[in-house]
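Step one of this worksheet: look at the structure below.
The values are calculated or read from the model by the stated rules, or taken from the named source; none is laboratory data. Keep in mind that what you see is a predicted model, and the values were worked out from it rather than measured. No Cβ is skipped: glycine too gets one built from the backbone with ideal geometry, and neighbour counts run over all protein chains shown.
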Amino acid sequence: MNKNPIGIFDSGVGGLSIWKDINQLLPNESTIYIADSNNAPYGEKPKEKITELSIKNTELLLAQNCKLIVVACNTATTNSIDTLRKNYAIPFIGIEPATKHAAINTKTGKIGILATKGTLASELFLNTSEKYRGDVEIIETIGTGLVAIIESGNLDNAEPLLREYLQPMIDKNVDNVVLGCSHYPFLTSVIKRIIPTEITIIDSGEAVAKQTENILKDFNILNSTESSAEHLFYTNAQHDILEMFLKKIRAANYTIQSL
Ligand code: DGL
């Protein structure tokens, strides 16, 4: 069991930003990743459809004996992780926008959150925001169109949309911008061209990796052997885009298969 892979899924290449942090922290762990790019963006779909796709991804990973599943998608986590936890016995790690972290650290009392429509409309997100926002003003913006651009691989094309989405946050004097979608960390260098350097960009990748380590330890399923890790990436889109992102995150020892 301990040598079994960690399963990870997302609506496409976005969750690779999480894969990178997990692999950095847990280099011994083998992984199986599903990039469900054909069905991206999840963020525009109704909750029922997001749950149906999340179940499909989960069953594929379970069929490959994954010992734990990371839902590397804010939209799937905030809409479907409760159902997954109810239906399946293995541990699930989710990713949510880092509202708490931003709300604790803001000095201006204003934070921005960029996420998908599905995440911002979810009950889980609303409950977390209510719990941690206190007096902090949150400027929430739906990143319509950004996931499609990232999936196309032409990251610079996101600049006009990002200007449109981030300028109102800058005008409101936010000092923290939360990237509430696992695709968005791939836009960090474009975002840095737009926002002043004093604004902190926050994503949840490291926190998810740390949580994955903690849960593996708690369940006694951490791979503590020295065997070298192998990685399998499934995609239902073109392999070359996935390959481009795998190069960006310096993945090694992997194979790609069509879904
Ligand atoms: N990467 C996803 C997220 O973290 C989903 C994006 C989408 O497919 O809309 O929300």
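For the reader, a short list of remarks on this structure follows.
- Any hit, region 154-167, residues being more than 16 Å from the ligand (Cβ to nearest atom), over 21 Å from the mean Cα position of the chain (by Cα), surrounded by 22 or more Cβ atoms within 10 Å (Cβ to Cβ) and modelled with pLDDT of 95 or more: no
- Residue check, Y184 under 20 Å from N65 (Cβ atoms) and aromatic (F, W, Y): no
- Residue match in region 243-256 (condition: among the acidic types (D, E), touching a residue at least 60 places away in the same chain (Cβ under 8 Å) and either farther than 14 Å from T31 by Cβ or assigned to a loop (DSSP other than H, G, I, E, B) (or both)): no
- Out of I81, I113, one residue alone is within 16 Å of the ligand (Cβ to nearest atom) and assigned to a strand (DSSP E or B). It is I113.
- Residues in region 28-51 that are surrounded by 15 or more Cβ atoms within 10 Å (Cβ to Cβ), of a type in the set (D, E) and over 18 Å from P5 (Cα atoms): 2 in all.
- Some residue of region 115-122 being over 18 Å from Y42 (Cα atoms) and surrounded by fewer than 19 Cβ atoms within 10 Å (Cβ to Cβ): no
- Inclusion of Y132 among residues that are at pLDDT below 95, under 27 Å from P46 (Cα atoms) and in contact with a helix residue (DSSP H, G or I) (Cβ under 9 Å, 6 or more places away or on another chain) is warranted.
- Residue within region 86-93 that is within 10 Å of the ligand (Cβ to nearest atom) and either assigned to a helix (DSSP H, G or I) or surrounded by fewer than 22 Cβ atoms within 10 Å (Cβ to Cβ) (or both) present: no
- Subset of region 4-22 (residues that are crowded, with 24+ Cβ neighbours inside 10 Å and closer than 21 Å to S227 by Cβ): I6, G7, I8, W19, I22
- Residues that are surrounded by 17 or more Cβ atoms within 10 Å (Cβ to Cβ), among the hydrophobic types (A, V, I, L, M, F, W, C) and closer than 12 Å to L26 by Cβ, drawn from region 195-220: V208, A209, L216
- Selection of region 23-67 for residues being away from the ligand (no atom under 13 Å from the Cβ) and small (G, A, S) yields S30, A63.
- Among (1) crowded, with 18+ Cβ neighbours inside 10 Å; (2) within 19 Å of P46 (Cβ to Cβ) - the single one E140 does not satisfy: (2)
- Filtered by the rule that a residue be part of a loop (DSSP other than H, G, I, E, B), charged (D, E, K, R) and within 17 Å of L146 (Cα to Cα), region 1-45 gives D36, K45.
- Entry remark, region 172-191: residues being within 16 Å of the ligand (Cβ to nearest atom), of a type in the set (A, V, I, L, M), farther than 13 Å from I149 by Cα and surrounded by 24 or more Cβ atoms within 10 Å (Cβ to Cβ) number 3 in total.
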